[in-house]
Amino acid sequence: MTILIGQHDVVTGYEGEKKMQANREKEVAQHHDGGFSVPETNSFGHTFRNYDAESARQDGVENFYGTNHINQTYDFVKRMREEYGKLNRVEMSIWECCELLNDVVDESDPDLDEPQIEHLLQTAEAIRRDYPDEDWLHLTGLIHDLGKVLLHWSFGELPQWAVVGDTFPVGCAFDESIVHHKYFKENPDYSNPAYNTRYGVYSERCGLDKVMMSWGHDDYMYLVAKENKTTLPSAALFVIRYHSFYSLHRSGAYRHLMNEEDEANLKWLHIFNKYDLYSKSKVRIDVEKVKPYYLSLIEKYFPAKLKW
């Protein structure tokens, strides 16, 4: 099922990235009836996704990306997908998984130091206010980061670099728009002629579902939802798998690998991203007040227990 929305202009390159971001910020700010508006600064008082700002977390964030970019190889991703794609770790409900994230903080994120459950509900509630009739998108906001349970001991307690951070394709050249790109020079795939060309192991317009992405919570939650036969539309699965794929939805990179369905779903990812990014704030959500609504959505789109 593909959900269509209005077309957006396609722009690429650095100037294109700035234009795309400015347009999306303007679109958010102009929401009617008191809708979601873009805050100027994150929880630390800096602009969002500013990887150069001086803050207590910046050195740690850059070190994280150095390790991530060196180790996220095609062979590593293939092994992780095979291992975790078995979904033989635990059986639990979506809400139980939400509660597991209470103690998780994403070390790759320069904008957030709150427990993940707070961010999930902030995102979902912001979307719900502006898109009241798109309940599938509300639920997508709630579950998009649930794959971060890979950090939990019961899932093998994977290191942060193998769970969080911006994602990117492996098996083809690393685009220069990827944050802290310089560290890819130490990745074995960087100098491997099978993987370091524009298309690598892929073909033009092959579709992103054929592309292996760097391993982490995005791809894992995509596998969990898909293999547990969710009835969410394809746009929701697209958002879940690619919401950290910033080189695509911020810079327009890798569009040569997208097919028509990807192009249609990308419009929803652009909408989702502003809530995922800009809803990171100190505003607290009354969990018990909103819980019944989200439990009803979980029941609508997922089985009572999922294999993880």
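Laboratory data are not the source of any read-out in this text; all were calculated from the coordinates shown. Note that the structure is predicted; figures quoted are calculated from it, not measured.
Tabulated values for the structure
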{"read-out": "Stokes-Einstein D (µm²/s) once Rh is taken as the Kirkwood radius of the stretch 71-307 over alpha-carbon pairs, at 4 °C in 1.567 mPa s", "value": "71"}
{"read-out": "Potential extension, E260-D209 segment - 0.36 nm per residue separation minus Cα distance", "value": "17.2 nm"}
{"read-out": "Pairs from K86/K210; K210/K305; K226/K300 whose Cα-Cα separation, in the structure shown, is over 21 Å", "value": "K210/K305"}
{"read-out": "HN-Hα J in Hz across the stretch 212-220 - Karplus 6.51, -1.76, 1.60, θ = phi - 60°, x for Gly and Pro", "value": "7, 9, 3, 6, x, 5, 5, 5, 5"}
{"read-out": "Full-extension gain in nm, R129 to T67, via 0.36 nm per residue minus C-alpha separation", "value": "18.5 nm"}
{"read-out": "³J(HN,Hα) computed for each position of the stretch 155-170 - Karplus, 6.51 cos²θ - 1.76 cosθ + 1.60, integer Hz, glycine/proline x", "value": "10, x, 6, 4, x, 4, 5, 9, 10, 10, x, 4, 9, 7, x, 10"}
{"read-out": "Projected area, mean over directions - the stretch 227-308, Cα convex hull, nm²", "value": "7.1"}
